[in-house]
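For reference, the structure discussed in these notes is given below.
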Amino acid sequence: MRIQLSHITKVFKDTIAVKDMDFTVEEGEMVCLLGPSGCGKSTTLSMIAGLEAPTEGEIFFDGRPMANVEAEKRDIGMVFQNYALYPHMTVEENIMFPLKMRWMPKAERKEKGKEIAKMMQITGLLHRRPGQLSGGQQQRVAIARALVKEPKILLLDEPFSNLDARLRIELRDDIRALQQKLRITTVFVTHDQEEAMSISDRILLMNQGEIQQYSTPQEMYRFPANMFVAGFLGNPPINLIPCRYQDGKLTVPDCREWDFTPAEPVLSGQVGEDAVAGIRPEDLEVVDTGGQLCAKVTAIQTLGKEIYLKLEHNNQTLTACLDWDHDYQIGDILKLTARKIHLFPAGQQSAYHRGGTRDEI
């Protein structure tokens with residue numbers, strides 16, 4: 001089913017939670033609503049689900065307006081962060097409950113329940129109660145309950161945030177494989193950029209209730225629309241350096257000896273003489289001779305096959321992500337070259353926040 005939000009705005013008292021939201025989710029697509037806490041992503045999901053009504057604008061499912069359609073009649077399955085399982089029911093009873101509410105015969109309910117339980121790899125848990133399950137198992141049950149009624153749309157509201165890192169990776173991979181198999185239109189809310197990058201067809205990145213960029217993960221990472229997008233995506237985060245850009249020449253006032261000539265930066269927006277250069281840590285390369293810049297190693301963090309170096313020169317601080325093929329030491333002076341440079345207008349917003357697990361709005 002195709003979902004279209006047409007100029008949606010949601011206002012709570014004096015607070016604009018979502019402002020002029022306009023985007024489309026194509027049939028069979030998985031789209032992640034990504035952004036910091038309080039940006040309006042869960043509010044957007046609630047409006048798609050019919051749990052909240054837009055203040056302005058319209059929502060369409062396959063061209064049909066949803067303004068007067070109640071949540072239970074929208075043919076959606078929804079999975080929440082807190083699982084929302086019935087503790088007095090067995091796993092099988094929890095999964096079959098939506099079918100019971102449709103007055104489906106018991107034998108047919110049991111057959112469909114076992115089928116979806118097999119898909120979610122929880123067949124051996126059908127006679128347990130939620131209190132006897134781990135967090136990952138409970139979330140699988142919640143997803144099975146949402147899918148058993150074969151909805152046209154699946155909505156996921158930060159479903160993995162209560163799980164440990166290994167379980168998150170395992171479950172999100174399973175959900176992606178299942179979504180592709182069923183070709184069900186899915187909207188997934190998360191504040192975790194790695195989660196969004198790894199499983200979505202497209203990402204809608206939000207900040208303060210507004211769309212910052214809507215594109216594939218690869219395009220968003222390689223060609224960020226603005227400084228907020230560039231700063232939110234990437235771990236470790238992008239290096240942002242105040243600079244001057246004039247007649248195709250890029251200079252850093254605090255580090256005049258740095259020479260980026262010839263510079264062919266990727267421009268984002270209308271860039272004037274005062275600008276901000278963005279260099280991703282993995283785009284910094286150590287060279288033996290020459291180099292565009294030099295800096296001293298002030299901290300080293302080892303992460304398996306990669307190391308992160310914190311570098312300083314004058315008033316500038318950089319992070320470099322390098323292969324672990326050299327014995328770097330604190331105090332080393334390194335020569336580096338940037339393989340790719342992004343350039344942003346100096347006045348763009350760059351502050352962002354990655355913390356939190358749920359929207360405040």
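The values are calculated or read from the model by the stated rules, or taken from the named source; none is laboratory data. From a predicted model like this one, the values you see are computed outputs, not experimental measurements. Quick reminder, even Gly has a Cβ in these numbers, built from the backbone with ideal geometry, and neighbours come from all protein chains shown.
Annotations for the structure displayed:
- Inclusion of Pro36 among residues that are buried (at least 17 other Cβ atoms within 10 Å of the Cβ), closer than 21 Å to Gly209 by Cβ and modelled with pLDDT under 95 is warranted.
- Matching residues in the stretch 95-116 - criterion: being within 22 Å of Phe160 (Cα to Cα) and either at pLDDT 90 or above or surrounded by fewer than 17 Cβ atoms within 10 Å (Cβ to Cβ) (or both): Ile95
- Qualifying strands (runs of 3 or more DSSP E) (wholly inside the stretch 257-332; at least 2 residues being more than 24 Å from Tyr221 (Cβ to Cβ)): 293-303, 306-313
- Residue in the stretch 122-132 that is of a type in the set (A, V, I, L, M) and on the phi > 0 side of the Ramachandran plot present: no
- Residues located in the stretch 11-51, provided they are of a type in the set (Phe, Trp, Tyr) and touching a Phe, Trp or Tyr at 6+ places or on another chain (Cβ under 9 Å): Phe23
- Of all residues in the stretch 128-185 being free of Cβ contacts under 8 Å to residues at least 40 places away in the same chain and part of a loop (DSSP other than H, G, I, E, B), the one that is farthest from the chain's Cα centre (by Cα): Arg128
- Taking the conditions (1) within 11 Å of the chain's Cα centre (by Cα); (2) assigned to a strand (DSSP E or B) in turn, Ile241 satisfies each one other than (1).
- Scanning the stretch 202-228 for residues that are of a type outside the set (S, T, N, Q) and within 12 Å of the chain's Cα centre (by Cα) returns Arg202, Ile203, Leu204, Leu205, Met206, Tyr214, Pro217, Met220, Tyr221.
- Counting the residues of the stretch 186-218 that are in a helix (DSSP H, G or I), modelled with pLDDT under 95 and surrounded by fewer than 23 Cβ atoms within 10 Å (Cβ to Cβ) gives 6.
- The stretch 49-94, residues that are within 24 Å of Arg128 (Cα to Cα) and in contact with a Leu (Cβ under 8 Å, 6 or more places away or on another chain): Gly77, Met78, Val79, Thr90, Val91, Glu92, Asn94
- Looking at Arg168, Arg183, Arg176, just one residue is at positive phi and not polar (S, T, N, Q), and that residue is Arg183.
- Within the stretch 57-78, the residues that satisfy the criterion of being assigned to a loop (DSSP other than H, G, I, E, B) and touching a residue at least 12 places away in the same chain (Cβ under 8 Å) are Asp62, Gly63, Met66, Ala67, Val69, Glu70, Arg74, Asp75.
- Listed by first and then second residue, the pairs linking a residue in the stretch 102-113 that is outside any helix (DSSP H, G or I) to a residue that is surrounded by 11 or more Cβ atoms within 10 Å (Cβ to Cβ) and not hydroxyl-bearing (Ser, Thr, Tyr), with Cβ atoms under 8 Å apart and 6 or more places separating them unless they lie on different chains, are Arg102/Lys149; Met104/Lys112.
- Within the stretch 57-71, the set of residues being surrounded by 14 or more Cβ atoms within 10 Å (Cβ to Cβ) and of a type outside the set (Gly, Ala, Ser) comprises Ile59, Phe60, Phe61, Met66, Val69.
- Among the residues making up the stretch 238-255, those that are closer than 12 Å to Val276 by Cβ and out of contact with any Lys or Arg (no Cβ under 7 Å at 6 or more places or on another chain) are Asn239, Leu240, Ile241, Pro242, Cys243, Arg244, Tyr245, Leu250, Val252.
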